[in-house]
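The values are calculated or read from the model by the stated rules, or taken from the named source; none is laboratory data. Keep in mind it's a predicted model, so treat the numbers as computed, not measured. Here the Cβ positions follow ideal geometry from the backbone for every residue, glycine too, while neighbour counts run over all protein chains shown. Please note that ligands, DNA and RNA were not included when accessible areas were found on the heavy atoms of the full protein model with its side chains. Shrake-Rupley method; radii C 1.70, N 1.55, O 1.52, S 1.80 Å.
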Amino acid sequence: MARTPIIAGNWKMNKTPDEAVAFVRELTPKLRPHANVERVVAPTFLALASVAAELKDSPVKLAAQDGHWDASGAYTSQVSVSMLRPYVDYIIIGHSECRAYLNETDANVNLKAKAILDSGRKPIIAVGESLAQNEAGETVSFVRSQVSAALVGISPAQMGDVVIAYEPIWAIGTGKSASGELAEGIIKTAVRETVEDLYGGDIAKAMRIQYGGSVKPGNMEEYMAQPNIDGALVGGASLDVEDFAALVEIAARVKGP
Ligand code: PGA
């Protein structure tokens, strides 16, 4: 079953609304309309409305970088999934920076995933081990536990909308990317096989799994050549129009029509 690769630019705390709009205005004409690749950008909350207006009728889709499961309430600093719903197709949850700085737990990730799916939007669920866990040989068991915890209570029918991003923490923003072979091995054994255990082979085969962590045009081909890697969640390189367009082109070329 062919899986459409998805390249998502996680802009983190970068780009004002004006800069974000200028970026997508410059990016859109550089993307070939026929490339069978989903392209997604994730600006800050503040820029979502203006970028959504700019992207109307564009092949580029929009993601938020987080979203609270409750529709409204006393959660200072938060924005709810239902507030984001009119603007975005995707919401990134479980990013290691949110797990580290905002104390996002596996239970929170699960509540968010369910709220996103119930609202008809798609979660990009980020998972990945720390350097210490990696060195202790705990990567597979830890990533498996993150995947299982994120998916509690999600129905088989909803799984078609779930994207998982495997991002080893030691590779994020460090320039130290995992080799394609290593990423493929973890994605296969810790992510796809966990989904297979929980939901069966058909759902596992259809689910899209991204790699993330220092992805750039120079190493993109190595990842896209792996059979279980269906795209990338990209931080640094997604802030550059030429790099982002190049990542999409490489995915389109290597993954084929
Ligand atoms: P990076 O970030 O590409 O800058 O390593 C990836 C991410 O945090 O999603």
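Kindly identify the chain as rounded, prolate or oblate by the Cα gyration tensor criterion: order the square roots of the eigenvalues as a ≥ b ≥ c, call it rounded if a/c is under 1.5, otherwise compare a/b with b/c, prolate if a/b is larger, else oblate.
Cα axes put the chain in the rounded bin.
What is the sum of charges around residue 216, taking Lys and Arg as +1, Asp and Glu as -1, for the other residues whose C-beta is under 10 Å from the C-beta of residue 216?
-2
List the residues, sorted by chain then number, that are 5 or more residues from residue 91 or on another chain and whose placed amide H is less than 5 Å from its amide H.
Those lying under 5 Å, H to H, from residue 91 are 64, 122, 124.
For the chain, give the percent of accessible area contributed by carbon and sulfur heavy atoms, probe 1.4 Å, rounded to a whole number.
The C+S portion of the solvent-accessible surface of the chain is 54 percent.
Can you tell me the FRET efficiency between residue 71 and residue 182 if r is taken as the Cβ-Cβ distance and R0 is 30 Å, rounded to the nearest 0.05?
According to the calculation, E is roughly 0.15.
Using a simple charge model, +1 on the beta-carbon of Lys and Arg, -1 on the beta-carbon of Asp and Glu, nothing else, what dipole does the chain show about its Cα centre, in debye to the nearest 20?
Once rounded to the nearest 20, the dipole reads 500 debye.
Gap in Å between the Cα centre of the stretch 93-161 and the Cα centre of the stretch 173-216?
13
In whole Hz, what ³J(HN,Hα) sequence does the stretch 68-80 give by Karplus (6.51, -1.76, 1.60; θ = phi - 60°), x for Gly and Pro?
Per-residue couplings from phi come out as 7, 6, 6, 5, 7, x, 7, 10, 3, 5, 9, 10, 8 Hz.
Sorting check: for 70-81, 8-19, 151-162, which peptide has the highest mean count of neighbouring beta carbons within 10 Å, and how do the rest follow?
The densest-packed peptide leads the list: 8-19, 151-162, 70-81.
Before rounding to the nearest 500, sum -39500 (n - 2.57) across all DSSP H runs of length at least 4 in the chain and divide by the residue total; then give [θ] at 222 nm in deg cm²/dmol.
Dividing the helical sum by the residues of the chain leaves -11000 deg cm²/dmol.
What net charge is computed for the residues neighbouring residue 35, neighbours being all others with C-beta under 13 Å from the C-beta of residue 35, Lys and Arg scored +1, Asp and Glu -1?
Counting the neighbours of residue 35, the net charge comes to +3.
For residue 122, which lysines qualify as cross-link partners when the Cα separation must be under 24 Å and same-chain residues fewer than eight apart are set aside?
Excluding near neighbours in sequence, the set is 12, 15, 56, 61, 112, 114, 188, 205, 255.
Once you sort the root eigenvalues of the Cα gyration tensor of the stretch 1-130 as a ≥ b ≥ c, which label holds: rounded (a/c under 1.5), prolate (a/b larger than b/c) or oblate (the other case)?
Here the stretch 1-130 falls in the prolate category.
Which aspartates and glutamates, on any chain, are close to residue 176 with Cα under 13 Å apart, when same-chain ones fewer than 8 places away are left out?
Filter leaves 167.
Using a 1.4 Å probe, what is the accessible area per residue for the chain, in Å²?
Using a 1.4 Å probe on heavy atoms only, each residue of the chain averages 43 Å².
Quick check: convex hull of the Cα atoms in the stretch 122-227, volume per residue, rounded to a whole Å³?
93
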